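Following: one structure in structure tokens, then a few remarks.
Bear in mind that the values in this text are calculations on the coordinates, not laboratory data. For clarity, every value in this text was computed on a predicted model and none was experimentally measured. When we count neighbours, we look across all protein chains shown, and the Cβ atoms used for this are built from the backbone with ideal geometry, even at glycine.
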2 protein chains.
Amino acid sequence: MTTVVISSYFEDEHIQRIQSVDERLNVLYREDLVPPPRWEADHIGPADWRRTPEQEDEFLKMLAEAEVLYDFPRGHIRDLLSIAPKLRWIQGSMAGAGEVAGKAGLLETGVTVTTASGVYSGPLAEFALMAMLQHAKRLGRLREEKAAKLWRQGISGTLETKTLCVVGLGNIGRAVAVRARPFGMRVVGVKRTVRDTDEAWNYADELYETADLNAALGAADYVVLTLPGTPETRRLLDANALASVKPGAYFVNIGRGAVVDEAALVEALRSGWILGAALDVFEEEPLPKESPLWALENVIISPHSTDVVPETINTLQTDLFCDNLRRYLAGEPLVNELDKKLLY
Amino acid sequence: MTTVVISSYFEDEHIQRIQSVDERLNVLYREDLVPPPRWEADHIGPADWRRTPEQEDEFLKMLAEAEVLYDFPRGHIRDLLSIAPKLRWIQGSMAGAGEVAGKAGLLETGVTVTTASGVYSGPLAEFALMAMLQHAKRLGRLREEKAAKLWRQGISGTLETKTLCVVGLGNIGRAVAVRARPFGMRVVGVKRTVRDTDEAWNYADELYETADLNAALGAADYVVLTLPGTPETRRLLDANALASVKPGAYFVNIGRGAVVDEAALVEALRSGWILGAALDVFEEEPLPKESPLWALENVIISPHSTDVVPETINTLQTDLFCDNLRRYLAGEPLVNELDKKLLY
């Protein structure tokens, strides 16, 4: 038997699907031992939730048996390896698990880490396209003129013929490109390395390596960042890179806040070098009250949750985990395995 | 020689392209005799603009020579046939020319009427997608919470797996479908007649005939109207049809205002039966100050100009006219010919 411990909240329907994958699975799940969801499909739970000492004992007993973990267990990241000594594979519920896997000390072990990369791509891409379209179609002006009951015809904008620079062409970047191209946009992709046979060519008209980021930025009317948070991507969009952006461009970040020098971005937004921005991620989260971003007219702020779409993500999560369970039992390679060097 | 009179404003660059189509063309254009553009790519001009009596004489002399007219001449719709007796073909700058062709008395004549159908489809489809996305991704809530500097995570929405009903599958409807499908939407199309071999099947998962409109509406999370204004489409979306819409749906009109019973729409928006609407067209335009639409929170109002996108439409217009000029001289069928019975 393979013991699978489900260590964050999932609805009954999903637990049952997991149990029915194979008779050789021993699936352990105790709803009372994991944080209750703050909303449908939440896997984190309220900040002030704690297990009672009795619950904690029982939770630790479960973890001690786990060969497979479905999600990083709240409250037991740094001591994960010692309390789950039998662990061979952990499937996270988040798209980017490099950081948490590092904290759990898994990068130097043989424990396989898989992520939920792809599950959130659609909802994140929608946020990017929403932001780009409301900018192009001047929704802000329409709103103001409506408030004044003002019928004023004039010029509108379009995404057609415009250039979109997608920084990062993983699942999220590809989801953005696939949705943007039917609007008649030219897509320029930026990725770590570019080969002639790169699959990413199916998603972009041009590809640049990260070393040539500034050249790619200079051609773009819209910039969408989809990069994970790694030492390599940290502050990749610094003041220098932001100064390379074509003046008048629009900026979207649906990757990680640490990729951008936020103070430099604020400066570029204030000066009008960058005309507007839509941000789902920030250097510090929750975004501090004193952040100047709150007051900038040309900024859309989303509290790192535009990908929380229960109607689709729960099903996609479980599809992915069940598929990986079958692969695991069959000794096949898993989907979405974390690269422990690249951290995504 | 074929005398072509250009009777609304076009920039030099476009006039020159038209002149260079063929040596057998005698192109007449006097910038001072047509209304000046209110903005780039405008063909209507200021409401209070008038020709002087001398200008009027010269304009009439030009029209008297016209075998081909590029655009309906401001101030001379109802008397068009008498002042342009040599007229054989008129190319309008608008996508829907049924109404104006009727006023000009062209429907019972042999004069060919062609429209600019297709030129505005992209910008109109963008407005529809923008509206749908800002609804799904709860932009209104993000804006309110930003104003309060409130970081509140929670559930967002998605277009994925949702059903979009596109009423009218001409150029505009198809442009909407092409952009919506990569978001994972199921597209249900409504058109006058449906055949097995219908090209529209390339754009929709299901097709309904207009007679079955209510069934199509009942399945839709989003409804986008793209219909032209004709006697047949007048108030097609009446109180009865609006009551057939799935409760909680979102509504977009980028066709003609006369297609909707606006009072019934207001009622549906007030009751919450329809959750929100984005309107580029209205029963009466400009939308009267006393319209209740102005005050409805869940409504986006665009003053019938979201398709005014000079950077693309001017070029597309001239591409189309030059192509049609070549066809005309070669005796070939023209593109975008108005069906004088269907009026589109």
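The table below gives the values:
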quantity	calculated
Within a Gaussian network of chain B (alpha carbon springs, distance under 10 Å), most fluctuating of B:Val21, B:Val266, B:Val167	B:Val21
Charged-residue dipole, Cβ positions (Lys, Arg, Asp, Glu), segment B:1-132 about Cα centre, Debye nearest 20	400
Value of relative contact order over chain B, rounded to a whole percent, pairs C-alpha under 8 Å and six or more apart	15
Environment charge at A:Ile15 (Cβ cut-off 12 Å; Lys +1, Arg +1, Asp -1, Glu -1)	-2
Mean Cβ count within 10 Å, highest first, over the residues of peptides A:251-262, A:223-234	A:251-262, A:223-234
Within chain B: Cβ-based charge dipole about Cα centre, in debye rounded to nearest 20 (Lys, Arg +1; Asp, Glu -1)	1080
Cβ-vector label at 7 Å, A:Glu108, separations to other copies in nm	9.3
Set of aspartates and glutamates with alpha-carbon distance to B:Lys289 below 13 Å, sequence-local pairs under 8 removed	A:Glu145
Positive minus negative residues near A:Arg326 (Lys, Arg vs Asp, Glu; Cβ under 9 Å)	-2
Alpha-carbon Debye profile of segment A:41-91, log10 I(q)/I(0) at 0.30 Å⁻¹	-1.28
10 Å Cβ neighbours from other chains, averaged over peptide A:181-187	4
Reference-scaled alpha-carbon Rg (2.2 N^0.38 Å with N residues) for segment B:183-276	1.06
Percentage relative contact order, segment A:121-301, counting C-alpha pairs under 8 Å, at least six apart	18
Within straight-line cross-link reach of B:Lys146, aspartates and glutamates at Cα separation under 15 Å, skipping those fewer than 8 residues along the same chain	A:Asp280, A:Glu285, A:Glu290, A:Glu297
Normalised per residue, the volume of the convex hull around the Cα set of segment A:121-301 (Å³)	120
For segment A:99-161 and segment B:1-73, distance of Cα centres in Å	44
Fraction of alpha-carbon pairs over 25 Å apart in segment A:64-179 - percent	50
Spherically averaged projected area of the protein assembly as shown from its Cα convex hull (nm²)	34.3
Cβ-defined net charge surrounding B:Thr230, 12 Å radius [Lys, Arg +1; Asp, Glu -1]	+3
Mean Kyte hydropathy of -0.5 or more with a Cα span along the axis of at least 27 Å, helices from DSSP in chain A	A:310-330
Exposure proxy order (Cβ contacts within 10 Å, fewest to most) of B:Lys103, A:Lys137	B:Lys103, A:Lys137
Relative contact order computed over segment B:57-138 (Cα-Cα under 8 Å; 6+ residues apart), in percent	26
Copy-to-copy label separations for B:Glu31, where each label sits 7 Å from Cα toward Cβ, in nm and ascending	7.4
Dipole of segment A:121-301 [Lys/Arg +1, Asp/Glu -1 at C-beta], most positive-end residue of A:Leu227, A:Gly154, A:Leu124	A:Gly154
Subset of B:Lys86/B:Lys340; B:Lys137/B:Lys246; A:Lys340/B:Lys162 violating a 26 Å alpha-carbon distance limit	A:Lys340/B:Lys162
Calculated P(r) of chain A - Cα pairs past 34 Å, %	32
